[in-house]
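Heads up: the structure comes next, in structure tokens.
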Amino acid sequence: MIAKLRSLASDTVVYGVSTILGRFLTFMLTPLYTNYVTKAELGETAYLYSLIAFVNVVYSCGFDSAFFKFFKSSEKGGDVGAHNRSVFAHALMGIAVVSTTVTLFVCAFPSRIASGLGLESVGTMVVYAGLIAFFDALVLVPFAALRMESRSKRFAVLKFSVIVLNVVANLVLVVNLHLGIRGIFLAGLLSSFVAVLLLLPEFRRYLLMGKIVFDASLFREMWRFGLPTVPAAFSAMMLQVADRPILKLFVDNAAIGVYQANYRLGIPMMLAVTVFEYAWKPFYLRETSRFRLSDSPPAVRKQRRSTYAMLARVLTYFTVVCGVVFLSGSLLIEYVVRMPFLGGRFVNPAYWSGLSIIPIILGAYYFNGLYVNFAASVYIRKRTGYLPAITGTAALANVALNFLLIPYYGIWGAAWATLGAYMLSAVLMYRLTRRIYPLRYEWRRVFLSVSICLIIFALAVFTTSGMGLWGGLLARCAWILVYPFLLFAFGFFKSEEAAFLRTVSISAPQ
């Protein structure tokens with residue numbers, strides 16, 4: 001068991017590094033776009049890509065989830081096995097039928113669809129978006145097969161290669177050829193198509209290395225299993241991107257462009273949560289795999305209490321790290337955006353009016369991190385059936401808050417709706433864990449670190465608002481350094497933690 005969990009952790013590191021690097025490269029496109037496309041074009045791009053995310057859920061129809069369920073990992077060797085070939089073929093067929101039908105409809109009536117979406121000026125982009133979603137759907141099953149075969153390195157290399165191609169294509173089409181929004185979607189279409197080509201060896205291994213006969217019974221079973229997962233996937237997607245389509249109903253494309261550019265600048269906290277999530281799940285599964293909750297010997301009970309105390313303390317340390325990320329991201333971002341970059345500044349000054357949403361987005365990602373922390377109890381007790389209900393409730397709240405706040409507060413209403421939805425998901429998950437297996441979190445220390453963080457943020461903004469560029473930058477850096485000192489001053493650290501930190505500081509090279 002431990003060996004398998006170590007293998008899982010190793011694969012997770014590979015997936016995590018490739019995902020983080022890929023997201024960072026994708027993030028670098030945001031300042032690029034702000035200098036080479038208009039705010040309206042960036043808003044249209046954000047709107048269409050949010051719709052692509054929903055279309056991807058429709059195209060999959062849950063067959064990717066069904067593939068994971070019906071795949072037999074016990075089949076080994078160069079031959080993937082007749083059963084797994086059949087599962088691969090049936091999952092791919094289901095996705096291909098749905099995605100082909102919808103894509104043909106999109107390509108046949110692009111003008112009408114664009115008009116219905118309020119995108120009359122970029123009707124051709126609707127066709128590009130449909131094709132991007134189509135090619136993305138075709139690679140779902142091959143990528144799933146690589147994961148089930150534990151071929152994490154090939155998975156990571158292919159994913160990262162596609163992202164690099166997308167970035168390079170954007171540099172050529174948007175920066176050099178000045179194609180604007182058309183260049184953005186052509187780059188996306190090219191990278192999605194190349195992903196299919198790169199996965200041709202997987203298609204060949206599963207589809208051409210043995211005879212495959214259509215099995216109506218297997219197809220129905222996969223359909224029945226996969227289809228109920230679609231609402232949960234829709235809920236998760238709504239929680240992430242529903243604000244863009246709703247913004248379209250109340251503000252112009254330029255405002256959506258400002259929102260998208262500044263929303264993406266919340267990447268420091270998103271990366272912090274992503275890194276933590278990749279490491280956290282294998283960690284608590286590994287630590288709790290050594291005993292069962294029903295074990296009764298005193299020594300086992302003592303070990304179990306110690307383990308769960310350790311898991312609870314992780315939230316405390318996570319909050320401190322997020323405090324540093326929040327202060328750094330929110331206080332320094334207005335200086336980062338002024339840095340030189342391709343085409344001008346790191347972020348074009350036309351987008352600076354939305355910088356005030358960044359602390360809100362950073363806070364939203366922190367609550368997403370709390371949700372990830374609390375979910376440990378659900379996975380330990382194998383009660384994952386509750387997750388769709390929590391995600392769905394938070395998604396509905398996100399939609400309701402967007403409709404309530406955007407008409408009055410515009411893009412700031414959308415940001416606050418995102419924060420509220422993630423906060424609700426964390427609260428619901430915490431309430432659930434209190435019923436399943438309540439970890440004894442160190443709430444006094446958590447609240448203390450959050451309070452100190454917010455006080456420093458308020459004081460830093462208030463005291464540096466009238467300073468010049470370098471004076472304000474140095475002052476805000478000083479305020480960030482005050483954070484750990486105030487934690488010490490208010491007795492946040494326990495004696496063993498303080499002793500450890502003093503040892504580290506003394507042993508650090510001078």
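Bear in mind these aren't lab numbers, they're just calculated from the coordinates by the rules spelled out. No experiment lies behind these values; they were computed from the predicted model shown. With ideal geometry, Cβ positions are generated from the backbone for all residues, glycine too; neighbour counts draw on all protein chains shown.
Pairs exceeding a 29 Å alpha-carbon distance, out of LYS159/LYS281; LYS153/LYS248; LYS72/LYS159; LYS281/LYS494: LYS153/LYS248. With contributions of -39500 (n - 2.57) from each DSSP H run of at least four residues, the per-residue ellipticity at 222 nm computed over the chain stands at -27000 deg cm²/dmol. Each of (1) 180; (2) 191; (3) 134 is a candidate for volume of the Cα convex hull per residue in Å³; the one calculated from this structure is (1). Pick out, in residue order, every one of the trypsin sites (Lys or Arg not before Pro) in region 330-410 that is DSSP loop and has at most 10 other C-beta atoms within 10 Å; say none if there are none. Sites meeting the loop and neighbour criteria: LYS382. Here the translational diffusion coefficient of region 175-229 follows from Stokes-Einstein with Rh set to the Kirkwood radius across Cα pairs; for 37 °C and 0.692 mPa s it amounts to 219 µm²/s. Restricting to Cα pairs below 8 Å that are 6+ residues apart, what does the relative contact order work out to for region 62-226? Please round to a whole percent. Computed over region 62-226, the figure is 36 percent.
Less than 12 Å Cβ to Cβ from THR316, Lys/Arg counted +1 and Asp/Glu -1: what total charge do the surrounding residues give? That sum, taken over residues with Cβ under 12 Å, equals +3. The order of the peptides 325-337, 401-413, 83-95 by mean Cβ neighbours within 10 Å, most packed first, is 83-95, 325-337, 401-413.
Pairs of Cα atoms in region 62-226 fall into 10 Å distance bins, from 0 up to the last occupied one, in shares of 10, 32, 31, 19, 7, 0 percent. Report note on the peptides 151-162, 433-444, 128-139: ranked by the mean count of other C-beta atoms within 10 Å, highest first, their order is 128-139, 151-162, 433-444. Using r as the Cβ-Cβ distance of LEU332 and PHE488, and R0 as 25 Å, what FRET efficiency do you calculate, to the nearest 0.05? After rounding to 0.05, the efficiency reads 0.65.
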